[in-house]
Amino acid sequence: IEADGLTLPEQKLTSLNVAFHHDDLFIQVDPNTSLLNPIHVVHLLSAQPKCALFPLTVIVVGEGSSVVLIDEYVGLTSQAAKTDEAHVINGRIELILEPHAKVHYCRIQRWDTSAREFLLQRATVHEGAQFTMVNINIGASISKAHVITKLLGPHASSQLYGFIFGHGRQHIDQHTLQDHQAP
């Protein structure tokens, strides 16, 4: 895994996800496919107090394809939420857009109130591909996301949007890096 501008603690968290990931999801859209309806995936996860989850989602969209993806993460009310003892969610989402793919991606985060989330969300965008990302954060007591887009080919483009609907003492932080490796 490349550092991609991650701090040393973020690199450590990413390494933990690599070592312990589970609840994996892999989606592949074949080349030259235009899906008329969105793909809506709902991840339902629950953790015990003082435990950790390491979900990994990998999405590959083939050359010339067009798709709308809704990727929703929901924390089921756990024993931790009932006791106010925290649990950790160390997630990683990798999106790969092959040349001239067009992707509209929406992530909805609705973890329970005892969750502390640390997320690496990275999109690799190849030549001529167009990527739009919307992150909607509602849950978790703490949510720290490192959002990276790597623009690898000429005319690759990305648009990032973030919406936070916090309450009380929630702390939601999104750090972004747009890595322009081509014109």
Can you tell me how the chain classifies by the Cα gyration tensor, rounded, prolate or oblate, using a/c under 1.5 as the rounded cut?
prolate
Segments 53-61, 112-120 sorted - mean Cβ within 10 Å per residue, highest first
112-120, 53-61
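What accessible area per residue comes out for region 62-140, rounded to a whole number of Å², with a 1.4 Å probe? Walk me through the intermediate numbers first.
Working: 2640 Å² over 79 residues.
Here the per-residue accessible area is 33 Å².
Starting from 0.36 nm per residue, how many nanometres of slack lie between ARG169 and ASP23 once their C-alpha separation is accounted for? Write down the numbers at each step before the final one.
Values: separation 146, 0.36 × 146 = 52.56 nm, distance 2.90 nm.
Between ARG169 and ASP23, full extension yields an extra 49.7 nm.
Out of the total accessible area of region 19-111 (probe 1.4 Å, heavy atoms of protein only), what percent is carbon and sulfur?
Values: 2420 of 4490 Å².
Using a 1.4 Å probe with all protein chains present, region 19-111 comes out at 54 percent carbon and sulfur.
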Could you give the size of the charge dipole of the chain about its Cα centre, using +1 on the Cβ of each K and R and -1 on the Cβ of each D and E, expressed in debye and rounded to the nearest 20?
480
Computed [θ] at 222 nm, helices only, for the chain once each DSSP H run of length n ≥ 4 contributes -39500 (n - 2.57):
-3000 deg cm²/dmol
Could you give the angle, 0 to 90 degrees to the nearest 10, between helix 8-20's Cα long axis and the longest principal axis of the Cα atoms of the chain?
90
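The values are calculated or read from the model by the stated rules, or taken from the named source; none is laboratory data. Since this is a predicted model, take the numbers as computed values, not measurements. Methodologically, a virtual Cβ is constructed for each residue, glycine included, from the backbone with ideal geometry; neighbour enumeration extends over all protein chains shown. Keep in mind that these areas ignore ligands, DNA and RNA; they rest on the heavy atoms of the full protein, side chains included. Shrake-Rupley method; radii C 1.70, N 1.55, O 1.52, S 1.80 Å.
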